[in-house]
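Student: Submitted below is the structure of interest, expressed as structure tokens.
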Amino acid sequence: MLRQSPTSPLLSLPGAVPAEGADEGVAAHYGDLFREQRALADGRGLVDLSHRGVVTVTGDDRLSWLHLLLTQHVSDLPPGQATEALVLSANGHIEHALYLVDDGTTVWAHVEPGTQEALIAYLESMKFFYRVEVADRTGDTAVVHLPAGSIAAVPEGAVVRETPHGRDVFLPRAELEPFAREHGPMAGIWAYEALRVESHRPRLGFETDHRTIPHELGWLGSAVHLQKGCYRGQETVARVHNLGRPPRRLVFLHLDGSEVHLPGHGTALKLASDGEEGRQLGFVTSSARHHELGPIALALVKRNVPVDAPLLAGTTAAAQETVVEP
């Protein structure tokens, strides 16, 4: 059972509306979803990600040890260089996604809310004789996201994970509220998610289910290093990559804007030509309202679905764009 995420003190800010489900504990929005999205797109404001789990690994062997367990090549990871990595099952199915950076003495990673305990249990079971220490820092460390182009100054000593999409800053929880008040405007998790969907970035627990492999989501490019082995599930990764035939593929959907409700996670996808009674060919994984594109979504469909076929997401018409090639 997942532990409930910490409740952010930023929910006390004016206009804050609490998020539900996987993002419980932070604000869904602060009263104006599209304004918040536009601010992020313009490089202003910040997003409260303090509900996410924070895990650290210290010790002389931390990088060489993680290199054996993760899908990413991290044995020579330079200090300050951000990367992503996965933990797979023996069959190659995705179990954990880590967004990490090494500060020279410690590897810092943030993970999906509530998943840190299971991740730490796995890491602890693999320590053996390696000189490493694994810690759950969720209780004392909060993550905030600064968008690409932000000129906000981070506190001295804060760990920063910089990517093309912005900076993830690991802050002491006691500094979360004053930092947010200084570097607003605030943007809620709905605005952050809309930009994530727009940029086709998968999220554990949304784009994944119990049988998802990295190839289906395009994670080979950012979270899997194909020239390394020695990690659990590597045989599946190599086999499917060499055959080039993952069973499903991620697509981006433009949804009919006349519909009042967005199709939620798990909504069945069918060919529009077959109507609502047609055979299910996939499902919606994430959906959002975008300030420029309107209603959009990510979805998983079977490999053989034609790339230009109009679809139905429940009762909502959807036009697809290819993210992962068939």
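The values are calculated or read from the model by the stated rules, or taken from the named source; none is laboratory data. Because the structure is predicted, anything quoted here is derived from the model rather than measured. Quick reminder, even Gly has a Cβ in these numbers, built from the backbone with ideal geometry, and neighbours come from all protein chains shown. Surface areas here come from the heavy atoms of the whole protein model, side chains and all, with no ligands, DNA or RNA. Shrake-Rupley method; radii C 1.70, N 1.55, O 1.52, S 1.80 Å.
Student: Over the chain, give the accessible area per residue in Å² for a 1.4 Å probe, as an integer.
Tutor: Per-residue value: 44 Å².
Student: List every residue whose amide H lies under 5 Å from the amide H of His73, counting only residues 5 or more places away in sequence or on a different chain, with H placed 1.01 Å from N in the peptide plane.
Tutor: His225
Student: Checking a compactness column here: for the range 247-325, what do you get for Rg(Cα) / (2.2 N^0.38 Å), N being the number of residues?
Tutor: My calculation over the Cα atoms of the range 247-325 gives 0.97.
Student: Moving on. Can you work out D for the range 285-326 in µm² s⁻¹ from Stokes-Einstein, where Rh is the Kirkwood radius over C-alpha pairs, the temperature is 37 °C and the viscosity is 0.692 mPa s?
Tutor: Estimated via Stokes-Einstein, D reaches 289 µm²/s.
Student: Only Cα pairs within less than 10 Å get springs; with that Gaussian network setup on the chain, which residue of Ala41, Ala109, Ala153 has the largest fluctuation?
Tutor: The residue with the greatest mean-square fluctuation here is Ala153.
Student: Leaving out same-chain residues fewer than 8 places away, which aspartates and glutamates sit with a Cα under 17 Å from that of Lys302?
Tutor: Glu207, Asp209, Glu216, Asp274, Glu321, Glu325
Student: Another question about this same structure. What value, in deg cm²/dmol to 500, does the helix sum -39500 (n - 2.57) over DSSP H runs of n ≥ 4 give at 222 nm once divided by the residues of the chain?
Tutor: Helix contribution divided over all residues of the chain: -5000 deg cm²/dmol.
Student: Contact order normalised by length for the range 247-325, with contacts defined as Cα pairs under 8 Å and 6 or more residues apart; what percent is it?
Tutor: Over the range 247-325, the number comes to 43 percent.
Student: Using only the alpha-carbon atoms of the chain as identical scatterers, what base-10 log of I(q)/I(0) does the Debye formula give at q = 0.16 Å⁻¹?
Tutor: Cα-only, vacuum Debye calculation for the chain: -1.42.
Student: Just in the range 118-158: which chymotrypsin sites (Phe, Trp or Tyr not before Pro) are loop by DSSP and have at most 12 other Cβ atoms within 10 Å?
Tutor: Passing sites in the range 118-158 are Phe128, Phe129.
Student: Ignoring ligands, DNA and RNA, what percent of the 1.4 Å accessible area of the chain is carbon and sulfur?
Tutor: Carbon and sulfur: 52 percent of the exposed surface of the chain.
Student: Quick one: give the max-minus-min coordinate of the C-alpha atoms of the range 190-326 along each principal axis, largest first, in Å.
Tutor: 50, 33, 23
Student: At a threshold of 8 angstrom on Cα-Cα distance, excluding pairs fewer than six apart, so keeping six or more, what relative contact order does the range 51-167 reach in percent?
Tutor: Across the range 51-167, relative contact order equals 33 percent.
Student: Counting only the backbone N, which residues of the range 291-308 are under 13 Å from the spot 7 Å out from the Cα of His254 toward its beta-carbon?
Tutor: 292-297
Student: Distances over 19 Å make up what percent of all Cα-Cα pairs in the range 53-136?
Tutor: So the portion of pairs separated by more than 19 Å is 28 percent.
Student: Let me ask you something else. Can you check how the C-alpha radius of gyration of the range 152-229 compares to 2.2 N^0.38 Å, as a plain ratio?
Tutor: For the range 152-229, the normalised Cα radius of gyration is 1.41.
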